[in-house]
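Scroll down for the structure; my scribbles are underneath it.
The values are calculated or read from the model by the stated rules, or taken from the named source; none is laboratory data. Since this is a predicted model, take the numbers as computed values, not measurements. Every residue, glycine among them, receives a Cβ derived from its backbone with ideal geometry; neighbour counts consider all protein chains shown. Side chains included, ligands, DNA and RNA excluded: accessible areas come from the protein's heavy atoms. Shrake-Rupley method; radii C 1.70, N 1.55, O 1.52, S 1.80 Å.
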2 protein chains.
Amino acid sequence: MKKLINDPRSVVAETLEGFGAAHADVVEVHSEPDFVTRAGGAVQGKVGLVSGGGSGHEPLHAGFVGVGMLDAAVPGPVFTSPTPDQVLPAIQAADGGKGVLLIVKNYTGDVLNFETAAELADAEGVDVRTVVTNDDVAVQDSLYTAGRRGVAGTVCVEKIAGAAAERGDDLDSVAAVAQRVNDNVRSMGVALTACTVPHAGKPSFDLPEDEIEIGIGIHGEPGRRRIPLASADEITEMLVTPVADDLGLAQGDRVLLFVNGMGGTPSSELYVVYRRARALLEERGVEVTRSLVGNYVTSLEMQGASVSVLRLDDELTELWDAPVHTTALRW
Amino acid sequence: MKKLINDPRSVVAETLEGFGAAHADVVEVHSEPDFVTRAGGAVQGKVGLVSGGGSGHEPLHAGFVGVGMLDAAVPGPVFTSPTPDQVLPAIQAADGGKGVLLIVKNYTGDVLNFETAAELADAEGVDVRTVVTNDDVAVQDSLYTAGRRGVAGTVCVEKIAGAAAERGDDLDSVAAVAQRVNDNVRSMGVALTACTVPHAGKPSFDLPEDEIEIGIGIHGEPGRRRIPLASADEITEMLVTPVADDLGLAQGDRVLLFVNGMGGTPSSELYVVYRRARALLEERGVEVTRSLVGNYVTSLEMQGASVSVLRLDDELTELWDAPVHTTALRW
């Protein structure tokens with residue numbers, strides 16, 4: 001296992017320490033328990049947004065804490081859910097008196113632990129709603145999931161719900177727009193290589209030198225099938241077609257096309273995928289009006305990519321375009 | 001070779017095609033010959049900035065084209081210098097009547113081809129200056145270089161010179177500030193794994209499973225030495241100490257600390273390195289007042305990182321902080 005780490009047990013804490021020191025203008029890192037808030041803390045009179053999940057997917061979620069997006073993020077151990085004891089103080093720190101929305105990727109542990117924390121917060125008088133993201137069309141149930149997995153589309157939910165909260169929407173409205181984004185975004189990924197969880201010390205799964213896995217999960221969970229290595233155009237079509245079909249994209253639809261790197265793939269390859277994905281959508285008469293290309297929801301050093309498509313309307317476009325000032329997304 | 005590509009011969013063209021389509025609001029991609037300009041072209045009355053070099057280091061340089069930074073970038077084939085025939089039209093496209101500064105990383109082919117293009121542009125009446133970056137302290141001469149190599153510090157040169165041009169400085173002043181940044185920035189990198197150039201189809205060099213290379217070049221050129229895999233803290237010290245010593249950092253100095261990923265390393269590991277690098281600088285009484293952490297000057301999918309330190313003064317800090325709107329750097 002070749003990694004720039006000291007001790008597998010200290011990776012998350014040391015990452016957070018570096019992250020907090022590098023970006024003290026944007027975030028504040030809290031430890032024992034670990035969570036990240038905006039520098040300056042909760043914004044009074046604004047709905048708070050909290051997300052989180054296992055570490056190893058950086059910049060998700062801590063990289064999306066900041067003006068226009070999340071108020072707090074809760075990183076668990078690598079590929080492991082944060083505990084309710086971590087989530088609760090993050091909810092409290094994000095509460096500006098207008099309630100808190102939890103954005104939770106659909107994994108059994110995350111859903112359970114955020115739910116427990118929500119109940120604890122509710123008992124303390126914080127109004128809490130939860131939206132569970134499940135944008136991955138690859139499989140119906142998965143290794144750690146009942147129902148579809150939440151993957152890269154979560155970034156779209158966090159960005160757009162964050163903008164709605166920032167403009168002053170109330171909790172029900174912010175939850176509704178978050179749900180609407182989730183209902184209109186679909187994703188599917190491919191792995192060229194496995195990744196190695198530090199405390200495991202060996203690759204999460206075996207992938208032969210001449211095979212790739214279509215529909216991979218962000219923890220290396222099995223996807224739809226393994227196939228021999230194919231061209232980028234062929235692979236892209238295997239990702240875009242199920243996404244577009246599941247979303248029921250039709251002539252005239254406007255979309256955000258998001259090509260996400262899994263961590264170990266050069267950005268040049270992501271643009272090769274983007275190019276083909278865009279052409280495939282255009283062949284369906286779909287107009288790509290917004291784009292995002294880069295490493296946003298990763299699986300440690302895994303080589304691979306995912307394609308997400310979000311169907312846009314005027315309001316979602318306006319909220320996507322609204323200013324955002326986080327460490328990973330800024331405009 | 002597992003890559004998301006179609007044909008090794010078309011990687012650069014297809015990357016540019018995707019890049020241009022995804023970011024038409026910021027850049028315009030020109031082909032035959034290949035170069036990238038700001039959307040809207042040259043800014044009249046402003047000094048133009050042009051950089052370039054072999055592809056495979058993305059987002060360098062095309063990702064830094066935009067307001068506040070470069071006017072044009074010229075990508076060669078992977079790890080291969082662009083030709084004078086490519087550089088010349090980029091210079092012409094960047095010329096807003098106040099002359100053009102070329103920022104060239106110190107590699108023999110790049111220096112030669114940009115020089116030839118500069119002479120051709122000069123013959124056509126464009127006032128051209130060149131600043132050659134050579135921030136890598138690892139080795140004195142290298143495989144493709146007489147003198148030190150230009151590596152990640154080039155981003156600092158492009159950002160700060162770009163801000164100087166944007167505020168209206170004349171060509172001599174912009175060239176002088178670019179030179180001043182280069183004189184005050186030093187870098188050194190480490191490779192954990194090799195990378196594979198698409199048209200070569202096999203790793204550029206062999207690095208045993210239990211060894212790393214300290215002082216690696218961004219094309220995989222040999223560094224200072226190979227050592228057994230060590231802890232992130234030990235490796236970071238091997239990078240920071242020569243950088244700080246060479247720069248002659250003293251108590252009270254203020255610096256920008258830039259931890260750059262080589263492409264295949266998760267951002268979590270970059271923050272582990274940042275954390276230790278910052279502590280080492282602080283132990284010397286050096287204050288880290290600005291930070292940059294991420295994949296900015298990569299070597300395809302190489303796993304590894306580099307540490308750059310730029311000594312700041314008030315003017316360099318102000319120019320670093322000035323607004324920038326490119327696809328890879330935006331604030």
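Out of the residues in the stretch B:293-319 that are open to solvent by 10 Å² or more (accessible area, probe 1.4 Å) and within 22 Å of B:Glu166 (Cβ to Cβ), state the one that is nearest to the other protein chains (Cβ to nearest Cβ).
B:Tyr296
Scanning for something away from chain B (no Cβ under 13 Å), in a loop (DSSP other than H, G, I, E, B), buried (at least 20 other Cβ atoms within 10 Å of the Cβ) and at pLDDT below 95, does the stretch A:222-241 turn up at least one residue?
Yes - at least one qualifying residue is present in the stretch A:222-241.
Right, B:His219: more than 12 Å from B:Val151 (Cα to Cα), in contact (Cβ under 8 Å) with a residue 60 or more places away in the chain and in the same structural domain as B:Pro266 (by TED's automatic domain parsing) or not?
On the way: more than 12 Å from B:Val151 (Cα to Cα): no; in contact (Cβ under 8 Å) with a residue 60 or more places away in the chain: yes; in the same structural domain as B:Pro266 (by TED's automatic domain parsing): yes.
Here the answer is no, as B:His219 does not meet what is asked.
Would you confirm, using the coordinates I've provided, whether B:Asp25 is more than 20 Å from the chain's Cα centre (by Cα), more than 13 Å from chain A (Cβ to nearest Cβ) and either part of a helix (DSSP H, G or I) or over 24 Å from B:Arg129 (Cβ atoms) (or both)?
In short, no.
Per-residue answers, yes or no, for (1) farther than 23 Å from B:Gly264 by Cα; (2) of a type in the set (Gly, Ala, Ser):
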| position | (1), (2) |
| --- | --- |
| A:Gly162 | yes, yes |
| A:Asp170 | yes, no |
| A:Val197 | no, no |
| A:Ala200 | no, yes |
| A:Glu211 | no, no |
| A:Ile214 | no, no |
| A:Arg224 | yes, no |
| A:Asp233 | no, no |
| A:Val240 | yes, no |
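So which residues in the stretch A:245-289 are over 21 Å from B:Leu16 (Cβ atoms) and in contact with an Asp or Glu (Cβ under 9 Å, 6 or more places away or on another chain), if there are any at all?
A:Leu247, A:Gly252, A:Asp253, A:Arg254, A:Val255, A:Met262, A:Gly263, A:Gly264, A:Arg284, A:Gly285, A:Val286, A:Glu287 - these are the residues of the stretch A:245-289 that are over 21 Å from B:Leu16 (Cβ atoms) and in contact with an Asp or Glu (Cβ under 9 Å, 6 or more places away or on another chain).
Counting only residues that are touching a Lys or Arg at 6+ places or on another chain (Cβ under 7 Å) and more than 9 Å from chain B (Cβ to nearest Cβ), which one in the stretch A:282-292 is most open to solvent (accessible area, probe 1.4 Å)?
A:Glu287
Quick one: what pairs do we get from the stretch B:263-278, first residue at the interface with chain A (Cβ under 7 Å from one of its Cβ atoms), second open to solvent by less than 20 Å² (accessible area, probe 1.4 Å) and of a type in the set (Ser, Thr, Tyr), C-beta under 6 Å, 6+ apart or different chains?
Listed by first residue and then by second, the contacts come to B:Gly263/B:Thr298; B:Gly263/B:Ser299; B:Ser268/A:Thr15; B:Tyr271/A:Thr15; B:Val272/A:Thr15; B:Val273/B:Thr236.
Could you count how many residues in the stretch A:55-73 are closer than 19 Å to A:Pro8 by Cα and open to solvent by less than 10 Å² (accessible area, probe 1.4 Å)?
Total satisfying the criteria: 3.
Among the residues of the stretch A:252-281, which ones are in a strand (DSSP E or B) and open to solvent by 10 Å² or more (accessible area, probe 1.4 Å)?
Result: A:Arg254, single match.
Going through the stretch A:8-19 one residue at a time, which ones are open to solvent by 30 Å² or more (accessible area, probe 1.4 Å), facing chain B (nearest Cβ under 8 Å) and under 18 Å from A:Glu301 (Cβ atoms)?
none
From the list B:Leu247, B:Leu329, pick out the single residue that is of a type in the set (A, V, I, L, M) and more than 10 Å from every other protein chain (Cβ to nearest Cβ).
The match here is B:Leu247.
Just one of B:Asp135, B:Asp172 is buried (at least 22 other Cβ atoms within 10 Å of the Cβ) and not assigned by TED's automatic domain parsing to the domain that holds B:Ser299; which is it? Give the steps one after another, and end with the answer.
Working: B:Asp172 fails: buried (at least 22 other Cβ atoms within 10 Å of the Cβ).
Answer to the selection: B:Asp135.
Examine the stretch B:201-217 for a residue that is outside any helix (DSSP H, G or I) and of a type in the set (Ser, Thr, Tyr), and state whether such a residue exists.
Within the stretch B:201-217 (the criterion being outside any helix (DSSP H, G or I) and of a type in the set (Ser, Thr, Tyr)), the answer is yes, since at least one residue qualifies.
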